[in-house]
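Read through the structure below, which is laid out as structure tokens, and then see the notes.
The values are calculated or read from the model by the stated rules, or taken from the named source; none is laboratory data. Not measured: the values here are computed from a predicted model. Cβ: placed from backbone, ideal geometry, glycine included. Neighbour counts: every protein chain shown. Each accessible area value is taken on the protein alone, full model and side chains, heavy atoms only, with ligands, DNA and RNA left out. Shrake-Rupley method; radii C 1.70, N 1.55, O 1.52, S 1.80 Å.
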Amino acid sequence: MSYVSPLLSLPGAVPSEGPDEGVAAHYGDLFKEQRALADGTGFVDLSHRGVLTVSGQDRLTWLHLLVTQHVSELEPRHATEALVLTANGHIEHGLSVVDDGETVWLHTEPGGQQALLDYLESMKFFYRVEAADRTEEYALVLLPAGSIATVPDGVMTRETSYGREIFLPREQLRDLAERGEHGPPIGALALEALRIEAHRPRVGMETDHRTIPHEVGLIGSAVHLQKGCYRGQETVARVHNLGKPPRRLVFLHLDGSEVILPTHGDPVRLASDGPEGRQLGFITSAARHYELGPVAMALVKRNVALEADLLVGGGTAAAQEPIVQP
């Protein structure tokens, strides 16, 4: 583990594992933290995420050529999502984007910032842009939707449907927690539970090396269908016109009597085929929700019947709700 948040030294902090390693999974009471987040109190330490900036006169027109979203006329302080695709249209990077009028601020999955920066640098050509990795300078913090906490003067923020993301100078992260003005710290597991409930896909969890945007419901929110060329656009247009992505994302209600949650990559099968049946997909994310109980998302084959009961992992029963229609 290369990064360790200073908030892991707070009382009750339990370290995360997997993609959120480096920040707290929770601070002693998972369901209390979920309720606080749903009620708009507290803050989530996302300081392990990668932060990049793009400055220069051509920053928006240049990014517009590289990503799936329409950003050439992005208004200051207007948040959007975008993807970088491979030449075959598979998702490579997910970008959360906002422009302050002079600089584009991006954040991406933990550990992904260097590969993203390398790609951006390779595409500069004659454009008047400057891309930089700012992860060592800025830590991302989330204030949930409904929070009335104030943001320090001069700090860049990004307003989303689920809260305000703050690009906080790293030296202020510990002070933010100790002052207590923003409420109690909330761990990554609480945010994951509410993310799964909201059906929000996460690159690296709901995606693998062959995922296309249509499969996980990112058309519209992160992919603009009316913009010009970008890498992978041919696949996006073809699948959109044919309407047949090979897989689809589903939300799962899991059998609450099971003690152990399924993990990322666990197989999904038809209940009628039993626990040794043919694999039809895999678990992408799972969590214990304070109201819904154990829930998950999974990528399954497009032709799996909407009404089909499923089994996950070693045989946990699951009822599905479609996120992406077949």
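Ignoring ligands, DNA and RNA, please state the percent of accessible area on the chain from carbon and sulfur, probe 1.4 Å. The partial results should precede the final answer.
Values: 7420 of 14580 Å².
Answer for the chain is 51 percent, counting heavy atoms of protein chains only.
Only lysines eight or more places from Lys244 in sequence, or on another chain, were considered; those with a Cα closer than 23 Å are Lys227, Lys301. Take the Kirkwood radius over Cα pairs of the stretch 1-104, plug it into Stokes-Einstein at 4 °C and 1.567 mPa s, and you get 79 µm²/s for translational diffusion. Extension gain, Val4 to Ile260: 0.36 nm times the residue separation minus the Cα-Cα distance gives 89.5 nm. A full extension of the chain between Asp175 and Val14 corresponds to an added length of 56.0 nm, given 0.36 nm per residue minus the alpha carbon distance.
What's the longest piece of the chain with no exposed chymotrypsin sites (Phe, Trp or Tyr not before Pro), counting a site as exposed if DSSP puts it in a loop and it has at most 10 other beta carbons within 10 Å?
After excluding every exposed loop site, the longest remaining stretch is 127-326.
Contact order for the stretch 176-269, expressed relative to its length and based on alpha carbon pairs under 8 Å spaced 6+ residues apart, stands at 26 percent. Using just its DSSP H runs of length 4 or more, each adding -39500 (n - 2.57), the chain gives a mean residue ellipticity at 222 nm of -4500 deg cm²/dmol after division by all residues. Measuring nothing but how far apart in sequence close Cα pairs (under 8 Å, 6+ apart) lie, relative to its length, the stretch 1-104 scores a relative contact order of 17 percent. Taking the empirical scaling 2.2 N^0.38 Å for compact globular proteins as reference, the stretch 41-189 has a Cα radius of gyration ratio of 1.06.
Residues of the chain: accessible area per residue at 1.4 Å, in Å²? Don't jump to the answer; show the numbers that get you there.
Details: 14580 Å² over 326 residues.
That works out to 45 Å² for each residue.
Annotation: the stretch 1-40 has a Kirkwood hydrodynamic radius of 10.7 angstrom, from the mean reciprocal C-alpha pair distance. The antiparallel fraction among DSSP beta bridges confined to the chain stands at about 95%. Entry note, the stretch 44-169: relative contact order of 31 percent, from Cα contacts under 8 Å with a spacing of 6+ residues. Of Arg288, Arg179, Arg231, the residue with the greatest mean-square motion in the GNM of the chain, using alpha carbon springs below 10 Å, is Arg179.
For GluC sites (Glu not before Pro), the sites in the stretch 89-153 that DSSP calls loop and that have at most 14 other Cβ atoms within 10 Å are Glu102, Glu136, Glu137. Each of the peptides 261-267, 152-158 was scored by the mean count of other Cβ atoms within 10 Å over its residues; in descending order, highest first, they stand as 261-267, 152-158. Between Asp118 and Asp208, the distance separating the two model label sites (each 7 Å from Cα on the Cα→Cβ line) works out to 2.3 nm. In the stretch 231-326, the inverse of the mean reciprocal separation of distinct Cα atoms equals 13.9 Å; this is its Kirkwood hydrodynamic radius. Show me the trypsin sites (Lys or Arg not before Pro) within the stretch 42-131 that DSSP assigns to loop and that have at most 15 other Cβ atoms within 10 Å of their Cβ. Answer by residue number: Arg77, Lys124, Arg128. The slack in the chain from Lys301 to Ala87, taken as 0.36 nm per residue of separation less the alpha-carbon distance, amounts to 74.7 nm. Among Val250, Val216, Val129, determine the one that fluctuates most according to a GNM of the chain built with springs between C-alpha atoms less than 10 Å apart. So, out of Val250, Val216, Val129, the one fluctuating most is Val129. Among the GluC sites (Glu not before Pro) in the stretch 226-292, those located in a DSSP loop and surrounded by at most 10 other Cβ atoms within 10 Å of their own Cβ are Glu276. Out of every Cα-Cα pair that the chain contains, those further apart than 25 angstrom amount to 53 percent.
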